[in-house]
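The values are calculated or read from the model by the stated rules, or taken from the named source; none is laboratory data. This structure is a prediction, so every number in the text was calculated from the model and none was measured. Cβ sites come from the backbone with ideal geometry, for glycine too, and all protein chains shown count toward neighbours. Heavy atoms of the whole protein, side chains included, go into the accessibility calculation; ligands, DNA and RNA do not. Shrake-Rupley method; radii C 1.70, N 1.55, O 1.52, S 1.80 Å.
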Amino acid sequence: MKRIAVFCGSSKGFNQEYAQAAVKLGDCFSKQGIGLVYGGGKIGIMGVIADTMMKNNSEVIGVIPGLLKHEEVIHTQITQMITTKKMSKRKVKISKLVDGYIALPGGFGTLDEIFEALTLGQLGIEDKAIGILNTNNFFHHALLQLDHMVKEGFLKQENRDMIMVSDSIEELIIKMRSYKAPVLSKVVNTVAS
Ligand code: AMP
């Protein structure tokens, strides 16, 4: 894997474990020669992973829509910053640069980004590996919701299974490296019509 997009909080959360996980993920990417693509901010755990990888002299590419380009939030010390006209264009640009996606703890922005990646996978538009780093079991309730969606007939089990989850960074990356996308997309095989 050459580059991975990391979606994560523009906040640091209340528990230091989240920022520590971002440091560990950044170090692991550097060790394995994986470049980071992310939202381009210097705030929250986004800023933490970018700073970590810049300290390691690794590649960090930020992709930011013009409307978020404020001095207080934008990172100015990264390898490359790409500006897009719209939020939606940013996702397309990120997708073109990466081989996979990882979500760390975050809020609406993080969930929006990782669920869009999952939707593209479910429709067979992309076949990239999608991982969740489940530090401190942060995603427990979100994952239960997904199981509920399977149980109630709104999500296919094989699409639920696209998401690789671990609280160990090394294990998560191993799983992602051997990921095989589901053969049938939702377009040709619906859950309950
Ligand atoms: P959130 O999880 O709501 O904190 O949003 C974080 C995610 O949304 C990140 O992965 C970013 O790509 C994007 N994002 C949110 N706020 C900003 C910001 N101020 N600057 C850059 N990206 C942001």
Exercise. Please enumerate the residues belonging to the stretch 135-147 that are in a helix (DSSP H, G or I), crowded, with 16+ Cβ neighbours inside 10 Å and touching a residue at least 60 places away in the same chain (Cβ under 8 Å).
Key: THR135
Quiz item: Would a scan of the stretch 10-17 turn up a residue that is within 9 Å of the ligand (Cβ to nearest atom), open to solvent by less than 10 Å² (accessible area, probe 1.4 Å), hydroxyl-bearing (Ser, Thr, Tyr) and touching a residue at least 12 places away in the same chain (Cβ under 8 Å)?
Solution: no
Exercise. May I ask you to verify whether VAL63 is touching a helix residue (DSSP H, G or I) at 6+ places or on another chain (Cβ under 7 Å) and either under 14 Å from LEU36 (Cα atoms) or surrounded by 17 or more Cβ atoms within 10 Å (Cβ to Cβ) (or both)?
Key: yes
Self-check item: Matching residues in the stretch 69-80 - criterion: being touching a residue at least 12 places away in the same chain (Cβ under 8 Å), more than 8 Å from the ligand (Cβ to nearest atom) and part of a loop (DSSP other than H, G, I, E, B)
Solution: LYS69, GLU72, HIS75, THR76, GLN77, ILE78, THR79
Practice problem: Scan the stretch 113-134 for residues that are touching a residue at least 12 places away in the same chain (Cβ under 8 Å), on the phi < 0 side of the Ramachandran plot and not hydrophobic (A, V, I, L, M, F, W, C) and jot them down. | Solution: GLU113, GLU116, GLY121, GLN122, GLU126, ASP127, LYS128, GLY131, ASN134
Exercise. Specify the residue that is surrounded by the fewest Cβ atoms within 10 Å (Cβ to Cβ); the eligible residues are those in the stretch 84-116 that are among the small types (Gly, Ala, Ser) and over 19 Å from GLY47 (Cβ atoms).
Key: SER88
Practice problem: Kindly provide the set of residues from the stretch 18-58 that are near the ligand (Cβ under 10 Å from one of its atoms) and among the polar types (S, T, N, Q), ordered by number. | Solution: none
Self-check item: Filter pass, GLY40 being open to solvent by less than 30 Å² (accessible area, probe 1.4 Å) and out of contact with any Phe, Trp or Tyr (no Cβ under 9 Å at 6 or more places or on another chain)
Solution: yes
Quiz item: Which condition number in (1) under 20 Å from GLU116 (Cα atoms); (2) more than 17 Å from the chain's Cα centre (by Cα); (3) buried (at least 20 other Cβ atoms within 10 Å of the Cβ); (4) of a type outside the set (Ser, Thr, Tyr) is the one that HIS75 fails?
Solution: (1)
Self-check item: Long-range neighbours under 8 Å by Cβ, at least six apart or interchain, first residue at positive phi within the stretch 42-68, second within 11 Å of the ligand (Cβ to nearest atom) and open to solvent by less than 60 Å² (accessible area, probe 1.4 Å)
Solution: GLY44/CYS8; GLY44/GLY9; GLY44/GLY106
